[in-house]
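Inspection log for the structure reproduced underneath, given as structure tokens.
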Amino acid sequence: MTETLIQLAYLLAAFFFIMALRTLGRPETARRGMQLAAFGMAVAVLATLLPARIVSYDWLAVGAMIGAVVGYPLGMWVPMTAMPQRIALSHAFGALAATLVGVGEYTHGAATGSLARGHVLALGLEVLFGGLTVTGSLMAFGKLQEILPGRPVTFRGQNSMNLVLLAAAVIGLGWLIVSPNEVWVFAAMLAIAVLVGILFVLPIGGADMPVVVSLLNSYAGLAAVATGFAIDNNILIIVGALDGLSGFILSVAMSKAMNRSFANVLFGAFGSTEVGGVATASAGGKMSTTSAEDAALRLAYANRVIMVPGYGLAVSQAQHQIRELGDLIEKRGGDVRYAIHPVAGRMPGHMNVLLAEAGIPYDKLVDMDEINGRFSETDVAVVVGANDVVNPAARTNPASPIFGMPILKVSEAKSVLVLKRGKGKGFSGVENDLFVEPKTSILFGDARQSLLDLGLQVKGA
Ligand code: NAP
């Protein structure tokens, strides 16, 4: 009877997880999605704690307390800009849990001589995916947190070496299936997985880490599936499969939005070579600068304004200031929209999250495909810390590394105002012709301060 109740509870939890994934797809409902997922997780955890199979609750209580002490600050105090590395750290913890379960189950099985072949296959896959996800995620965390060098670290034969190591791990797995009690093979496989995690992430540039983090998310999901098979737990199999597949789909979608193949992100060491030399007008062109007073006059009398936020908005944490400026322009009768590029910033949905945090209504956030048709009727496009996602070279220069990446067609607006600190390039490292076009003027400075200055001037205009 209890077992039936537990399986029903797992079914209910799975239903909530699937609904959560559906709901997370839209900014308006994303918060609800998180609540559904949290509720589903609470149901799953409670159901797992029910059975009499649990020997002692004491250690579980200690673990839950440690988890809460670590998890609360991670959830509440980490700033939005540090979210990618926070997620990487969570994956490392999740994968560590799966790996430890695998090691525990294997050593217990080896000691009691109860290791069946199917069981060892599941345990082997668990530590393989788990081990490489732990170190890979820690490397991603280190790169994003700038504890490790963000540039791709490469050496000759690196990719082949990784492949050889992976092949060795797979051979080890095959060996274990034939001879399950070879403890040293299990240990060697785990060591190789841990090493592969480090070597796999080392040659990938820091700014590509979000794609890597979401791929590692997928591996953590696969480790959870294997754990589910190993300890005969249905909800782990379902959740792991959802996690594994959604992480993979997200990684592919991000690569697509950057117009780079998945293989190029993983093995291309993007950012290791200097690409700034690609011939563009901007290399020799001159940027026209403007003052907050002049720019504010244009904004105050504009009928249509499109704000184009990018990574610089996140760096300067200017989400509230961009909304205040938008509100001021609207008070004067202007129509203000916010253009959302799928890979603006450094993580999926980065701009949606920042702008939603500032309380900008969702109907004002317009996706790239929809807003691109509006630029030609726009008086001023205000580019706030965006660069690659508005770079016309992506459409016009076949020699550019970002050629083919869909961009926001900012250059079609009647005039363009760019807020940036200096002559810094974007993530791709290429020059941007938009900044030297005659219709573009640059207001140099930190985005937050520039938006504050513009707001003050618009108020007084
Ligand atoms: P970007 O190309 O990285 O450009 C950011 C711009 O912001 C720079 O030109 C920089 O110029 C300016 N900036 C930085 N700090 C600033 C501050 N405090 N105040 C004002 N300006 C500041 O950003 P993006 O246009 O958003 O493009 C995102 C890039 O990241 C794309 O190439 C995308 O492919 C890549 N990427 C995105 C994701 C994702 O999931 N979103 C994942 C991986 C990679 P100054 O230094 O001169 O100020």
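Quick test for you: out of ILE171, ILE147, pick the one residue that is among the β-branched types (Val, Ile, Thr), open to solvent by 60 Å² or more (accessible area, probe 1.4 Å) and under 30 Å from ALA82 (Cβ atoms). Steps first, please.
Working: ILE171 fails: under 30 Å from ALA82 (Cβ atoms).
Exactly one of ILE171, ILE147 is among the β-branched types (Val, Ile, Thr), open to solvent by 60 Å² or more (accessible area, probe 1.4 Å) and under 30 Å from ALA82 (Cβ atoms), namely ILE147.
Is one or more of the residues making up the range 364-373 surrounded by 21 or more Cβ atoms within 10 Å (Cβ to Cβ), within 16 Å of the ligand (Cβ to nearest atom) and assigned to a loop (DSSP other than H, G, I, E, B)?
no
Can you tell me which residue among VAL183, VAL194 is open to solvent by 30 Å² or more (accessible area, probe 1.4 Å), within 19 Å of VAL134 (Cα to Cα) and away from the ligand (no atom under 16 Å from the Cβ)? Spell out the reasoning first.
Numbers: VAL183 fails: within 19 Å of VAL134 (Cα to Cα).
Residue meeting the stated conditions: VAL194.
For the range 413-459, give me each residue that is surrounded by fewer than 17 Cβ atoms within 10 Å (Cβ to Cβ), in a helix (DSSP H, G or I) and among the charged types (D, E, K, R).
The one that is surrounded by fewer than 17 Cβ atoms within 10 Å (Cβ to Cβ), in a helix (DSSP H, G or I) and among the charged types (D, E, K, R): LYS459.
Of the residues that sit in the range 413-433 and are at pLDDT 95 or above and touching a helix residue (DSSP H, G or I) at 6+ places or on another chain (Cβ under 7 Å), which one is farthest from the ligand (Cβ to nearest atom)?
At the first step, the residues of the range 413-433 found to be at pLDDT 95 or above are 413-421.
Checking the rest, the ones that are also touching a helix residue (DSSP H, G or I) at 6+ places or on another chain (Cβ under 7 Å) come to 413, 415-420.
Numbers: ALA413: 16, SER415: 19, VAL416: 14, LEU417: 12, VAL418: 9, LEU419: 6, LYS420: 4 Å.
So, considering only residues that are at pLDDT 95 or above and touching a helix residue (DSSP H, G or I) at 6+ places or on another chain (Cβ under 7 Å), the one farthest from the ligand (Cβ to nearest atom) is SER415.
Which pairs have Cβ atoms under 7 Å, sit 6 or more apart or on different chains, and link a residue in the range 340-358 that is over 22 Å from ARG374 (Cβ atoms) and outside the structural domain of PHE141 (by TED's automatic domain parsing) to one that is among the aromatic types (Phe, Trp, Tyr) and open to solvent by 20 Å² or more (accessible area, probe 1.4 Å)?
ARG346/TYR311
In the range 82-137, which residues are hydroxyl-bearing (Ser, Thr, Tyr) and closer than 20 Å to GLY197 by Cα?
Within the range 82-137, the subset hydroxyl-bearing (Ser, Thr, Tyr) is 90, 99, 106-107, 112, 114, 133, 135, 137.
Within the range 82-137, SER90, THR99, THR133, THR135, SER137 qualify.
How many residues, within the range 373-402, are closer than 15 Å to VAL343 by Cβ and either outside the structural domain of VAL430 (by TED's automatic domain parsing) or more than 21 Å from the chain's Cα centre (by Cα) (or both)? Give the steps one after another, and end with the answer.
Step one: filter the range 373-402 for residues closer than 15 Å to VAL343 by Cβ, giving 385-391, 394, 401-402.
Imposing the further condition that a residue be either outside the structural domain of VAL430 (by TED's automatic domain parsing) or more than 21 Å from the chain's Cα centre (by Cα) (or both) reduces the set to 391, 394, 401.
Residues flagged as closer than 15 Å to VAL343 by Cβ and either outside the structural domain of VAL430 (by TED's automatic domain parsing) or more than 21 Å from the chain's Cα centre (by Cα) (or both) within the range 373-402 amount to 3.
Being under 30 Å from VAL315 (Cα atoms), buried (at least 19 other Cβ atoms within 10 Å of the Cβ) and hydrophobic (A, V, I, L, M, F, W, C): is that true of ALA88 here? Give the derivation first.
Working: under 30 Å from VAL315 (Cα atoms): yes; buried (at least 19 other Cβ atoms within 10 Å of the Cβ): yes; hydrophobic (A, V, I, L, M, F, W, C): yes.
Answer is yes for this residue.
Test VAL410 against the stated conditions and say whether it is within 22 Å of the chain's Cα centre (by Cα), closer than 23 Å to PHE427 by Cβ and modelled with pLDDT of 95 or more. Talk me through it step by step, then tell me what you get.
Values: within 22 Å of the chain's Cα centre (by Cα): no; closer than 23 Å to PHE427 by Cβ: yes; modelled with pLDDT of 95 or more: yes.
When the stated conditions are applied, VAL410 does not pass them.
Can you go through ARG151, ARG117, ARG156 and tell me which one is of a type in the set (D, E, K, R), within 16 Å of the ligand (Cβ to nearest atom) and out of contact with any Phe, Trp or Tyr (no Cβ under 9 Å at 6 or more places or on another chain)? Walk me through it before giving the result.
Working: ARG117 fails: within 16 Å of the ligand (Cβ to nearest atom); ARG156 fails: within 16 Å of the ligand (Cβ to nearest atom).
None of the others qualify; the one that does is ARG151.
May I ask you to say which residue of PHE129, PHE39 is more than 20 Å from the chain's Cα centre (by Cα) and either at negative phi or exposed (fewer than 12 other Cβ atoms within 10 Å of the Cβ) (or both)?
Values: PHE129 fails: more than 20 Å from the chain's Cα centre (by Cα).
Of the residues listed, the single one that is more than 20 Å from the chain's Cα centre (by Cα) and either at negative phi or exposed (fewer than 12 other Cβ atoms within 10 Å of the Cβ) (or both) is PHE39.
Taking the stated definitions as given, is VAL55 open to solvent by 60 Å² or more (accessible area, probe 1.4 Å), over 18 Å from ILE198 (Cα atoms), of a type in the set (A, V, I, L, M) and more than 24 Å from the chain's Cα centre (by Cα)?
Working: open to solvent by 60 Å² or more (accessible area, probe 1.4 Å): yes; over 18 Å from ILE198 (Cα atoms): yes; of a type in the set (A, V, I, L, M): yes; more than 24 Å from the chain's Cα centre (by Cα): yes.
Criteria met by VAL55.
Quickly run through the range 291-339 and pick out the residues that are closer than 30 Å to ALA82 by Cβ, among the aliphatic types (A, V, I, L, M), open to solvent by less than 10 Å² (accessible area, probe 1.4 Å) and within 16 Å of the ligand (Cβ to nearest atom).
ILE306, MET307, VAL308, LEU313, ALA314, ALA318, ILE322, LEU325, ALA339, listed by residue number.
Restricting attention to the range 376-399, which residues are assigned to a loop (DSSP other than H, G, I, E, B) and open to solvent by 10 Å² or more (accessible area, probe 1.4 Å)?
Quick first cut of the range 376-399, residues assigned to a loop (DSSP other than H, G, I, E, B) only: 378-379, 385-387, 391-392, 397-399.
Passing the criteria: ASP379, GLY385, ASN387, PRO392, ASN397, PRO398, ALA399.
State yes or no: is LEU216 surrounded by fewer than 24 Cβ atoms within 10 Å (Cβ to Cβ) and either farther than 30 Å from LEU115 by Cα or modelled with pLDDT under 95 (or both)?
Values: surrounded by fewer than 24 Cβ atoms within 10 Å (Cβ to Cβ): no; either farther than 30 Å from LEU115 by Cα or modelled with pLDDT under 95 (or both): yes.
Considered against the rule, which asks whether it is surrounded by fewer than 24 Cβ atoms within 10 Å (Cβ to Cβ) and either farther than 30 Å from LEU115 by Cα or modelled with pLDDT under 95 (or both), LEU216 comes out as no.
Has the range 254-277 got any residue that is charged (D, E, K, R), more than 28 Å from LEU199 (Cβ to Cβ) and either open to solvent by 20 Å² or more (accessible area, probe 1.4 Å) or at pLDDT 75 or above (or both)? So that I can check it myself, show each step before the final result.
So in the range 254-277, the residues charged (D, E, K, R) come out as 256, 260, 274.
Subsequent filtering for residues that are more than 28 Å from LEU199 (Cβ to Cβ) retains none.
No - not one qualifying residue is present in the range 254-277.
Please enumerate the residues belonging to the range 197-209 that are within 16 Å of the ligand (Cβ to nearest atom) and surrounded by 24 or more Cβ atoms within 10 Å (Cβ to Cβ). Give the steps one after another, and end with the answer.
First pass over the range 197-209, keeping only residues within 16 Å of the ligand (Cβ to nearest atom): 201, 203-209.
Result: VAL201, ILE204, ASP208, MET209.
The values are calculated or read from the model by the stated rules, or taken from the named source; none is laboratory data. Keep in mind that this is a model prediction, so the values were computed, not measured. Cβ atoms come from the backbone with ideal geometry, glycine included; neighbour counts cover every protein chain shown. Quick note on the areas: whole protein, heavy atoms, side chains included, nothing else; ligands and nucleic acids left out. Shrake-Rupley method; radii C 1.70, N 1.55, O 1.52, S 1.80 Å.
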